[in-house]
Amino acid sequence: MTEALKTLDNYKTQGRRIFVIGDMLELGGRSIPAHESLGEEIAQSKIDILVAVGNLASLSAKSAQTMAGEKIRIVEFANHQEAAEFLTQEAMSGDCVMLKGSRGSAMETILQIFTSNKN
């Protein structure tokens, strides 16, 4: 997740950087601190919009909000459909959207809905 964030930070884009995250699964007892730490990293990044999907990703969003304040727009959704609908309305030409989460988070579902809505 950290490497994905670095990649998005360094990606040259004419628009905004939108990071869509799902839960990082199978971390065991490290899960809560790992999600909170990710939020801290996001707060220090060049991300313009954070979209969090899932209960654990919500921990990252809350941590990022605490540190970043108004610097980053942060939105949380309970499911893929809501996140995809938000992206359909929000993402503009020139924006860079990166989706990342554990395989079990099925982030490709958001991509499928988003791309079918954009066409």
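Taking 16 Å as the cut-off, the amide N atoms of the stretch 1-33 that come nearer than this to a point 7 Å along the Cα-to-beta-carbon line of Ala106 belong to 22-25. Quick check: at a probe of 1.4 Å, how many percent of the accessible area of the chain sits on carbon and sulfur atoms? Taking all protein chains in place, the chain shows 50 percent carbon and sulfur surface. Where in the stretch 36-79 is the amide nitrogen less than 14 Å from a point lying 7 Å along the Cα-to-Cβ axis of Gln89? Inside the label zone: 75-78.
Taking amide H as placed 1.01 Å from N in the peptide plane, Ala52 has its amide H under 5 Å from the amide H of Ile21, Val75, Glu76, Phe77, each at least 5 places away in sequence or on another chain. Simple rule: put +1 on each Lys or Arg Cβ and -1 on each Asp or Glu Cβ in the stretch 1-76, find the dipole, and look at Ser63, Ile18, Gly39; the Cα lying farthest toward the positive end is Ile18.
Can you list the chymotrypsin sites (Phe, Trp or Tyr not before Pro) in the stretch 11-119 that are in a DSSP coil and have 13 or fewer other beta carbons within 10 angstrom?
Values: sites: Tyr11, Phe19, Phe77, Phe86, Phe114; in loops: Tyr11.
Sites meeting the loop and neighbour criteria: Tyr11.
Close Lys pairs in the chain, defined as Cα atoms under 25 Å apart and 8 or more places apart or on different chains, number 15. Each principal axis of the Cα cloud of the stretch 1-118 was taken in turn, and the coordinate range along them, longest first, works out to 39, 27, 22 Å.
Could you give the accessible area per residue of the chain, probe 1.4 Å, as a whole number in Å²?
54
Restricting the stretch 1-61 to GluC sites (Glu not before Pro) that sit in a DSSP loop and have at most 11 other Cβ atoms within 10 Å of their own Cβ leaves Glu26.
The values are calculated or read from the model by the stated rules, or taken from the named source; none is laboratory data. Computed from a predicted structure; not experimentally measured. Note that each Cβ is placed from the backbone with ideal geometry, even for glycine, and that neighbours are counted across all protein chains shown. Keep in mind that these areas ignore ligands, DNA and RNA; they rest on the heavy atoms of the full protein, side chains included. Shrake-Rupley method; radii C 1.70, N 1.55, O 1.52, S 1.80 Å.
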